[in-house]
Amino acid sequence: MDEPTLSVSGRGGSGLPQTRRLVTEIPGPRSRALSARRVRSVARGVSSTMPVFARAAGGGVVVDVDGNTLIDLGSGIAVTGVGNAADEVVAAVAAQAGRFTHTCFMVTPYEEYVGVCEALARLAPGGFEKRSALFTSGAEAVENAVKIARSATGRGAVVVFEHAYHGRTNLTMAMTAKAMPYKAGFGPFAPEIYRLPLAYPYRWPGGPQHCGEQAAAQVIDLIRTEIGAGAVAALVIEPIQGEGGFIVPGTGFLPRLAEFCADAGILFIADEVQTGFARTGTMFACEDENIVPDLIVTAKGIAGGLPLSAVTGRAEIMDAPQIGGLGGTFGGNPVACAAALATIDLIESGDLAGRARHIAELALPRLRALADRYDAIGDVRGRGAMLAVEIVRGQGDHSPDRARAAAVAAACHRRGLIVLSAGTWGNVLRLLPPFVISDELLLDGLDVLAEACAEILPTR
């Protein structure tokens, strides 16, 4: 396919040169000095992937305080898809901040909130009438989606899945699978959360070919026999799992679950916090298998870097809670809403979903070539600009190898490439480039990843 037209230099970041450049070791002296200050003032539990401090960012690069220019294959964890400090987003933010920064929509409403809800109603799957409510974080939106589902159905149980990540609040920690570091020592957690198997093709006992079909049958049986379908308010799932390791469920898994939910009166909630807003090559990942959720949860990429999230769904479901039952002081902040409207316009006018597909066309052959060379790369997967490699012990052993994954990531970081880790066992390297990254910069980043693999991984 032809590459979608875009101009990286026009996407903000003060016209930063779009090239990797190291002028000091990583981290440099100024980052090390700031790290020393951080230790004295920032709580230990707040972690960081990179050992450097950012000074500027734009296009596909982050510039640190020592002047090193790093290739950004993280996008602030799938947030800055339109580029960091995109010109149009900056202009919208500045204009709105000059008018007012806050009134609280629950006190004095404003048009920007309504405009975002209108855009979400137009963009979200389904031809039915929709409503939205806006919040600040993905976890807050997930929690409110559960509230809405319980209010609409009069039921209490919530079904979630192995390897899921839904947030860090008490309820969303209960919904999240991974104990360390997200849940350890923070319980007890909210009740009535039931975790069921995920169709994980690489690790499905029956193999990937029938994974979706077999896993769906198992989940449906467990809901019927161990929970009781009539007790379940909602099934909540990431169409492609994020923190869980960018797991793309086996084909047919999501449609079968959606069909079962519709028959059983269970609300199907798509957690698209990480997958939404063109990240996977469609506006929402559930569109790939023509899933129409009852509720869809969005955040991250919605507002070009400002904190905003939303729950969007069928009007009759969204209107179920009593007046005053939904809200929050900062939910749908006007500056964040202005940023969201500019971001959505950039995604649509620039065909950034098409750009995400182009990124996959460039990256996947490179990643698969690495898998052919290194037995320790057990799986390459993903969709659009949401791609991952899973690191294992190799030589026929598919056991997760967290240490090697961490070593490859560290080798990338030393060379000026931002990559993130993920997965229940911490053995997955995930790539989340901004859509506006140039082909040249993306390919350089993939070359750096190849160098890191050559340094750490044994060849076949």
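The values are calculated or read from the model by the stated rules, or taken from the named source; none is laboratory data. From a predicted model like this one, the values you see are computed outputs, not experimental measurements. Note that each Cβ is placed from the backbone with ideal geometry, even for glycine, and that neighbours are counted across all protein chains shown.
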Any residue that is assigned to a helix (DSSP H, G or I), surrounded by 24 or more Cβ atoms within 10 Å (Cβ to Cβ), in the same structural domain as residue 127 (by TED's automatic domain parsing) and over 14 Å from the mean Cα position of the chain (by Cα) - is there at least one of those in segment 255-264?
yes
Looking only at segment 218-240, and only at residues there that are of a type in the set (Asp, Glu) and surrounded by fewer than 15 Cβ atoms within 10 Å (Cβ to Cβ), the one that is nearest to residue 262 (Cα to Cα)
221
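Can you tell me which residue among 16, 22, 70 is under 16 Å from residue 83 (Cα atoms) and in contact (Cβ under 8 Å) with a residue 60 or more places away in the chain?
Of the residues listed, the single one that is under 16 Å from residue 83 (Cα atoms) and in contact (Cβ under 8 Å) with a residue 60 or more places away in the chain is 70.
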Verdict on residue 338 being in the same structural domain as residue 437 (by TED's automatic domain parsing) and out of contact with any Pro (no Cβ under 6 Å at 6 or more places or on another chain)
no
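Just one of 344, 302, 359 is touching a Leu at 6+ places or on another chain (Cβ under 7 Å), among the β-branched types (Val, Ile, Thr) and not assigned by TED's automatic domain parsing to the domain that holds residue 451; which is it? Give the steps one after another, and end with the answer.
Working: 344 fails: touching a Leu at 6+ places or on another chain (Cβ under 7 Å); 359 fails: not assigned by TED's automatic domain parsing to the domain that holds residue 451.
Step by step, each of 344, 302, 359 is checked, and only 302 is touching a Leu at 6+ places or on another chain (Cβ under 7 Å), among the β-branched types (Val, Ile, Thr) and not assigned by TED's automatic domain parsing to the domain that holds residue 451.
Quick one: in segment 78-94, of everything that is in contact with a helix residue (DSSP H, G or I) (Cβ under 7 Å, 6 or more places away or on another chain) and outside any loop (DSSP other than H, G, I, E, B), which residue is surrounded by the most Cβ atoms within 10 Å (Cβ to Cβ)?
Initially, segment 78-94 is screened for residues in contact with a helix residue (DSSP H, G or I) (Cβ under 7 Å, 6 or more places away or on another chain), giving 78-79, 81-82, 86-89, 92-93.
From what is left, the residues that are outside any loop (DSSP other than H, G, I, E, B) are 78, 87-89, 92-93.
On the way: 78: 24, 87: 20, 88: 21, 89: 27, 92: 24, 93: 21.
Top of the filtered list is 89.
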Can you list residue pairs whose Cβ atoms sit under 8 Å apart, with the first residue in segment 152-181 being outside the structural domain of residue 141 (by TED's automatic domain parsing) and under 22 Å from residue 309 (Cβ atoms) and the second being crowded, with 20+ Cβ neighbours inside 10 Å and modelled with pLDDT under 95? Count only pairs 6 or more apart in sequence or on different chains.
none
List the residue pairs whose Cβ atoms are under 6 Å apart, where the first residue sits in segment 419-447 and is more than 14 Å from residue 244 (Cβ to Cβ), the second is polar (S, T, N, Q) and outside any strand (DSSP E or B), and the two are 6 or more positions apart or on different chains.
432/75; 434/75; 434/80; 438/18; 441/18
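Considering only segment 404-460, state which residues are of a type in the set (Gly, Ala, Ser) and part of a helix (DSSP H, G or I).
Start the filter on segment 404-460 by keeping residues that are of a type in the set (Gly, Ala, Ser), which leaves 405-407, 409-411, 416, 421-423, 426, 438, 445, 450, 452, 454.
Result: 405, 406, 407, 409, 410, 411, 445, 450, 452, 454.
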Just the residues that are more than 22 Å from the chain's Cα centre (by Cα) and either among the β-branched types (Val, Ile, Thr) or not in a loop (DSSP other than H, G, I, E, B) (or both), please, taken from segment 110-146.
111, 112, 113, 114, 115, 118, 130, 131
